[in-house]
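One structure below.
Laboratory data are not the source of any read-out in this text; all were calculated from the coordinates shown. Remember, it's a predicted structure, so these values are computed and weren't measured experimentally. Cβ: placed from backbone, ideal geometry, glycine included. Neighbour counts: every protein chain shown.
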Amino acid sequence: MTTQGREAAGSWESLAPWDKAAEWQKAAPEIAEKVMELATQHARHRWSLEKRLAEHVERMDKRIWMTQVFGLCGGFLSTVMLAIVSWHYADTGNVFPGLVTAGAGAGLTAGVYAVGRALGKRRIDVNAANAITQIPHDS
């Protein structure tokens, strides 16, 4: 292949789809309209998929946010209730069961908080992975 042939192939590869269609119109006008129709259908389909993906991501972000708020409120209420129960045990002279109740409750509350944080972090990691793996279809 000559240098000129490589330049022509390289320049064709670097053209945008609409520029390729214009070149195609010059070279073969009888099929250029069909090529433009296919390119338009492809673009509309891709835009539709991107819109659906954005809507899905927005719904999932809202659900994760609601889950984290619910977990935070539940953890707060749980901690308050455990403090009340532990105080009651201490008032009745049973200090060790009160400490066990408070410690177990605090551990479970921390576990719920950690799971909520992990879900939030996983969502961020999935968004980053999707952004990296999406390859634009320019050609």
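Tallying residues that are part of a loop (DSSP other than H, G, I, E, B) and surrounded by 11 or more Cβ atoms within 10 Å (Cβ to Cβ) within segment 84-116 yields 1.
Restricted to segment 29-67, and to residues that are within 18 Å of ALA118 (Cα to Cα) and in contact (Cβ under 8 Å) with a residue 24 or more places away in the chain, which residue is farthest from the chain's Cα centre (by Cα)? Out of the qualifying residues, it is THR67.
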